[in-house]
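Engineer: Handing you this structure, nothing more for now.
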Amino acid sequence: MTRKTALTIAAACAVLHLVLACIYANITPYRSAGILLGQRDPSTGAPQRVPDVGAPDERQHVNYVIHLLDGKGFPVLDPQDPNLGENYQAHQPPLFYILHIGWSKITGADLNDPGQGLKVRFPNALIGAATVMGAFFLGLWAFRREDVGLVAASFVALLPMNVALSGAISNDPLLYCLCTWVLAFIAKGCQEGWSTKVAVAVGIGTGLAVITKTTAVGLLPILLLALFLGPNKPAPKQIAIATITLLLVCTPWLARNQSLYGDPLAISAFNKAFVNSPSRELMTQVAEAQGGGKSGNQAYWVDWVGWWTARSFFGVFGYMDIFLNEQGVPFTSPRNPNAFYRVLLAIGVLITAGWAIALRKVEWSEQKRMHILLSAFLLIVGVLFLRFNAQYFQGQARYLFPAIGVIGIGVAISLLNVAKNRLAVAVGLVVLLLGGLNIYVLSKLPGEFERRTLMVSNTHGPKSNVQVSNDATIGRV
């Protein structure tokens, strides 16, 4: 395969992701009140009413953009804000919101209009497509193989949960995009030799990621690791260039946070504002009350964090309320409602095992430096996820998706090994499984969202803040 052909196929994957993200964006309610069938209002026992039933945290991300458009400057997170339920994203770094301001002004998009969901969500669909291309170049530059990049790109393009995130307003897709491209440029430097252009790209990309979402600090240890991955190590000049460009991009925002909150990442203010969210201690008590033969702590990590994260890796939609094969009410569906997820999880385990087995072969093990680099980032993201869940219950796979490019590489290596390096077979397996899964999800979501919006009038008393029940939880990060 020629490089031009590979680029054409990768671009086709990116366009496909863009189209699918637009479809998800179009069918997901935007700034529309609804109910959560998997949660109950503690005061009435009725399904929990929420001011926005579409995409998690989207309402609050949009409020951030509206705050800027109204000329009020960057918002400040105040844990004592009586309207905290509308403003709890105020601590977020600014890059995504600045980009969205530009889009809103250019297109005249009305962020308050429930009928403009597709229009206002479109920028993230474009960003998601850029992530697909980043996954391709990550595979190409890290392993010098077009087939690795193409299988990784097809996976990133078609994973339903990732597509749905690209069809909603949040800073997550931009974080995924920047992390993927930074890893790709680091791999390029390590494999092909560092240059001033690569150093600038790495420095600027990392700085932009940090002012997109603080999870991007996980890239900093990877930059240090790259200094020791020979034979192509950056020269002192290139290290200085990358460091200076990184600091120039993110230091003003970090200094602002230090002055405002007393720490550059605003973690202290975030923790104070997050205090009423479901804690590990609360959910451990819930797990103990439910029994099941496990200790509360074991049940928390396995049945709550583990199981919720595993399902949401493939796809749990709305406010963690619409599941793939459960009909209407997530916890009362008859006949093995989670069978679909168990099959998908089994496939995921087999692919992961295949990834590990493939690394023992010479054709893959000879790129040991790249495996170390990519595995280190995946490990860092995983540790940050576990650390967060050790404090608050947030069993959502989207927190692992900053490493979506690395996960795609793992899928590519596993499938190419099974397919004996036949690219068409490997890509065909991805398209067959994930493409079919998207078709199923898109046939299901309209009816499920309709149930949750039409039944609003049957709930008791609107509430501006979502409360957790023993059944489910909603992410607020």
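Engineer: Go over the candidates Val441, Val430 one by one and state the one that is touching a residue at least 40 places away in the same chain (Cβ under 8 Å), under 14 Å from Ser154 (Cβ atoms) and buried (at least 18 other Cβ atoms within 10 Å of the Cβ). Full working, then the answer.
Structural biologist: Working: Val441 fails: under 14 Å from Ser154 (Cβ atoms).
Only one candidate qualifies: Val430.
Engineer: Provide a single number: the residues in the range 56-80 that are part of a loop (DSSP other than H, G, I, E, B) and touching a residue at least 12 places away in the same chain (Cβ under 8 Å).
Structural biologist: Here is the first cut: in the range 56-80, the ones part of a loop (DSSP other than H, G, I, E, B) are 56-57, 70-80.
With touching a residue at least 12 places away in the same chain (Cβ under 8 Å) added as a condition, the list becomes 56-57, 74-79.
Adding up the residues that qualify gives 8.
Engineer: Then there is this: Only one of these is within 30 Å of Phe185 (Cα to Cα) and exposed (fewer than 13 other Cβ atoms within 10 Å of the Cβ): Leu227, Leu208. Name it.
Structural biologist: Just one listed residue meets the conditions, Leu227.
Engineer: While we're looking at this one, here's another question. Only residues in the range 116-136 that are basic (Lys, Arg) count as the first member; pair them with residues that are assigned to a helix (DSSP H, G or I), Cβ under 7 angstrom, at least 6 apart or cross-chain, and list the lot.
Structural biologist: Pairs found: Lys119/Thr107; Arg121/Ala25.
Engineer: With the structure loaded, tell me whether Phe96 is surrounded by 22 or more Cβ atoms within 10 Å (Cβ to Cβ) and under 26 Å from Val441 (Cβ atoms) or whether it fails that test.
Structural biologist: Spelling it out, Phe96 is indeed surrounded by 22 or more Cβ atoms within 10 Å (Cβ to Cβ) and under 26 Å from Val441 (Cβ atoms).
Engineer: Suppose the filter is in a helix (DSSP H, G or I), open to solvent by 40 Å² or more (accessible area, probe 1.4 Å) and in contact with a Ser or Thr (Cβ under 8 Å, 6 or more places away or on another chain); does Ile244 pass it? Let's see the steps before the verdict.
Structural biologist: Working: in a helix (DSSP H, G or I): yes; open to solvent by 40 Å² or more (accessible area, probe 1.4 Å): yes; in contact with a Ser or Thr (Cβ under 8 Å, 6 or more places away or on another chain): no.
When the stated conditions are applied, Ile244 does not pass them.
Engineer: Only one of these is open to solvent by 20 Å² or more (accessible area, probe 1.4 Å) and under 16 Å from the mean Cα position of the chain (by Cα): Ala135, Ala130. Name it.
Structural biologist: It is Ala130.
Engineer: State yes or no: is Asn470 modelled with pLDDT under 95, at negative phi and over 20 Å from the mean Cα position of the chain (by Cα)?
Structural biologist: yes
Engineer: Oh, and also: Going by the structure shown, is Val53 open to solvent by less than 30 Å² (accessible area, probe 1.4 Å) and either closer than 30 Å to Thr2 by Cβ or part of a helix (DSSP H, G or I) (or both)?
Structural biologist: Answer is no for this residue.
Engineer: Scan Asn276, Asn232 and give me the residue that is open to solvent by 60 Å² or more (accessible area, probe 1.4 Å), of a type outside the set (A, V, I, L, M), over 24 Å from Pro94 (Cα atoms) and at pLDDT below 95. Lay out the reasoning, then the answer.
Structural biologist: Numbers: Asn232 fails: open to solvent by 60 Å² or more (accessible area, probe 1.4 Å).
Criteria check complete, one pass: Asn276.
Engineer: For the range 99-114, what are the residues that are assigned to a loop (DSSP other than H, G, I, E, B) and crowded, with 16+ Cβ neighbours inside 10 Å?
Structural biologist: Quick first cut of the range 99-114, residues assigned to a loop (DSSP other than H, G, I, E, B) only: 108-113.
Once the filter is applied, which keeps residues that are assigned to a loop (DSSP other than H, G, I, E, B) and crowded, with 16+ Cβ neighbours inside 10 Å, the range 99-114 yields Ala109, Leu111.
Engineer: For Trp304, indicate whether it is open to solvent by less than 60 Å² (accessible area, probe 1.4 Å), closer than 24 Å to Pro402 by Cβ and touching a Gly at 6+ places or on another chain (Cβ under 8 Å). First the steps, then the outcome.
Structural biologist: Details: open to solvent by less than 60 Å² (accessible area, probe 1.4 Å): yes; closer than 24 Å to Pro402 by Cβ: yes; touching a Gly at 6+ places or on another chain (Cβ under 8 Å): yes.
Answer is yes for this residue.
Engineer: Considering only the range 40-49, I want to know if a residue exists there that is without any contact (Cβ under 8 Å) to a residue 12 or more places away in the chain, open to solvent by 10 Å² or more (accessible area, probe 1.4 Å) and more than 22 Å from the chain's Cα centre (by Cα). Step through it out loud before you land on a result.
Structural biologist: Taking the range 40-49 first, the residues without any contact (Cβ under 8 Å) to a residue 12 or more places away in the chain are 45.
Filter once more, keeping what is open to solvent by 10 Å² or more (accessible area, probe 1.4 Å): 45.
Adding the requirement that they be more than 22 Å from the chain's Cα centre (by Cα) leaves 45.
So far as the range 40-49 goes, yes, one or more of its residues are without any contact (Cβ under 8 Å) to a residue 12 or more places away in the chain, open to solvent by 10 Å² or more (accessible area, probe 1.4 Å) and more than 22 Å from the chain's Cα centre (by Cα).
Engineer: What is the residue count in the range 350-402 for residues that are open to solvent by 70 Å² or more (accessible area, probe 1.4 Å), of a type in the set (A, V, I, L, M) and under 22 Å from the mean Cα position of the chain (by Cα)?
Structural biologist: Residues in the range 350-402 being open to solvent by 70 Å² or more (accessible area, probe 1.4 Å), of a type in the set (A, V, I, L, M) and under 22 Å from the mean Cα position of the chain (by Cα): 4 in total.
Engineer: Among (1) open to solvent by less than 10 Å² (accessible area, probe 1.4 Å); (2) within 26 Å of Leu434 (Cβ to Cβ), where does Pro29 come up short?
Structural biologist: Among (1) open to solvent by less than 10 Å² (accessible area, probe 1.4 Å); (2) within 26 Å of Leu434 (Cβ to Cβ), Pro29 violates only (1).
Engineer: Residue under question is Gly203, and the condition is that it be touching a Phe, Trp or Tyr at 6+ places or on another chain (Cβ under 6 Å), modelled with pLDDT of 95 or more and open to solvent by less than 10 Å² (accessible area, probe 1.4 Å); does it hold?
Structural biologist: no
Engineer: Would you mind finding the one in Val381, Val362, Val349 that is under 16 Å from Leu225 (Cβ atoms) and not aromatic (Phe, Trp, Tyr)?
Structural biologist: Val381
Engineer: Something else now. So which helices (runs of 4 or more DSSP H) stay within the range 382-462 end to end and still have 2 or more residues that are modelled with pLDDT under 95 and closer than 18 Å to Pro56 by Cα?
Structural biologist: 436-454
The values are calculated or read from the model by the stated rules, or taken from the named source; none is laboratory data. Everything quoted here is computed from the prediction, not taken from an experiment. Don't worry about glycine lacking a Cβ; one is built from the backbone with ideal geometry, like all the others, and counts go over all protein chains shown. The protein model used for the area step is the full one, side chains on, heavy atoms only, and it has no ligands, DNA or RNA in it. Shrake-Rupley method; radii C 1.70, N 1.55, O 1.52, S 1.80 Å.
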